[in-house]
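Below: the structure, in structure tokens.
The values are calculated or read from the model by the stated rules, or taken from the named source; none is laboratory data. Since the structure is predicted, the reported quantities are computational estimates derived from the model, not experimental observations. Because the Cβ atoms are built from the backbone with ideal geometry, glycine has one as well, and the counts that use them run over all protein chains shown. Side chains are part of the model used for accessible areas, which takes the heavy atoms of the whole protein and leaves out ligands, DNA and RNA. Shrake-Rupley method; radii C 1.70, N 1.55, O 1.52, S 1.80 Å.
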Amino acid sequence: MFNRLPALARFLFALVAIDLVVFAAFRGAFWAAFHEALANASWADLLKALYLGFKFDLRLALLLCLPLALLGWIAPFDPARRRAARIAWLGYLATVHCVVLLLYFVDFGHYAWVRVRLNASLVDHLTPVGVAARVAWETYPILPGVLALALLTGAYTWVAGRAARAKFPPTHRYPN
């Protein structure tokens, strides 16, 4: 069934699946680190939270792929036909996933610090900037976090690139 779909649609499905796996892994890591906060929660509440989290993750994965889904069908932006478009889309995907991973890291640190998920109150903690930067530097492992962010972004880009190579025919037959 999937083989009858256009290559771009198959690639989009692969990207959404990759995102769901990554986001589920982060949700599992968050639960593993802070499961004591849920010690009194019932299984029904946990399953409902997982269901809502899955819906959020799916929505986020679809939103991240939306520009590719809307523009990828236009010939100059088609990653199946243009190598430059494929490289540009992989760059876009790497950038937006780096931002999302950074937000996951900040959410993790924010919850560890104030036991509240990331919300607009973070803005209150950012002023003055010098104090906020010093507190972050002294409190959190910034350098290992940046290294982990770079490694995870690189790993995502590698996996997305492999998916692109698997879904799209070689580009040497098409003009660049």
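Looking at residue 100 and the list (1) open to solvent by 40 Å² or more (accessible area, probe 1.4 Å); (2) under 27 Å from residue 33 (Cβ atoms); (3) in contact with a Leu (Cβ under 8 Å, 6 or more places away or on another chain), which single condition is not satisfied?
For residue 100, the exception is condition (1).
Which residue, of 86, 81, is surrounded by 11 or more Cβ atoms within 10 Å (Cβ to Cβ) and not in a helix (DSSP H, G or I)? Spell out how you get there, then give the answer.
Working: 86 fails: not in a helix (DSSP H, G or I).
One residue alone meets the criteria, 81.
Hey, can you tell me all the residues within segment 44-79 that are more than 13 Å from the chain's Cα centre (by Cα), more than 21 Å from residue 117 (Cβ to Cβ) and among the hydrophobic types (A, V, I, L, M, F, W, C)?
The first filter runs over segment 44-79 and keeps only residues more than 13 Å from the chain's Cα centre (by Cα), leaving 44-55, 66-79.
Retained after the next criterion (residues that are more than 21 Å from residue 117 (Cβ to Cβ)): 66-79.
If the condition is that a residue be more than 13 Å from the chain's Cα centre (by Cα), more than 21 Å from residue 117 (Cβ to Cβ) and among the hydrophobic types (A, V, I, L, M, F, W, C), then 66, 68, 69, 70, 71, 73, 74, 75, 77 are the ones that fit.
Looking only at segment 98-109, decide whether some residue is touching a Ser or Thr at 6+ places or on another chain (Cβ under 6 Å) and without any contact (Cβ under 8 Å) to a residue 60 or more places away in the chain. First the steps, then the outcome.
So in segment 98-109, the residues touching a Ser or Thr at 6+ places or on another chain (Cβ under 6 Å) come out as 98.
Next, from what is left, pick out any that are without any contact (Cβ under 8 Å) to a residue 60 or more places away in the chain: 98.
Scanning segment 98-109, I find at least one residue that is touching a Ser or Thr at 6+ places or on another chain (Cβ under 6 Å) and without any contact (Cβ under 8 Å) to a residue 60 or more places away in the chain, so the answer is yes.
Filter segment 118-140 for residues that are in contact with a Gly (Cβ under 9 Å, 6 or more places away or on another chain) and open to solvent by 70 Å² or more (accessible area, probe 1.4 Å) and give the result.
139
Is it true that some residue in segment 23-40 is open to solvent by 90 Å² or more (accessible area, probe 1.4 Å) and not in a helix (DSSP H, G or I)?
Looking through segment 23-40, at least one residue is open to solvent by 90 Å² or more (accessible area, probe 1.4 Å) and not in a helix (DSSP H, G or I).
Within segment 154-163, identify whether any single residue is open to solvent by 70 Å² or more (accessible area, probe 1.4 Å) and closer than 27 Å to residue 29 by Cβ, and answer yes or no. Break it down into steps so the answer makes sense when it comes.
Within segment 154-163, the first condition is being open to solvent by 70 Å² or more (accessible area, probe 1.4 Å), and the residues that meet it are 158, 162.
Next, from what is left, pick out any that are closer than 27 Å to residue 29 by Cβ: 158, 162.
Scanning segment 154-163 turns up at least one residue that is open to solvent by 70 Å² or more (accessible area, probe 1.4 Å) and closer than 27 Å to residue 29 by Cβ.
Would you list the helices (runs of 4 or more DSSP H) that sit entirely within segment 90-176 and hold 3 or more residues that are touching a helix residue (DSSP H, G or I) at 6+ places or on another chain (Cβ under 7 Å) and β-branched (Val, Ile, Thr)? Before the answer, list the steps.
Working: elements: 122-125, 129-139, 142-167.
Helices (runs of 4 or more DSSP H) meeting the threshold: 142-167.
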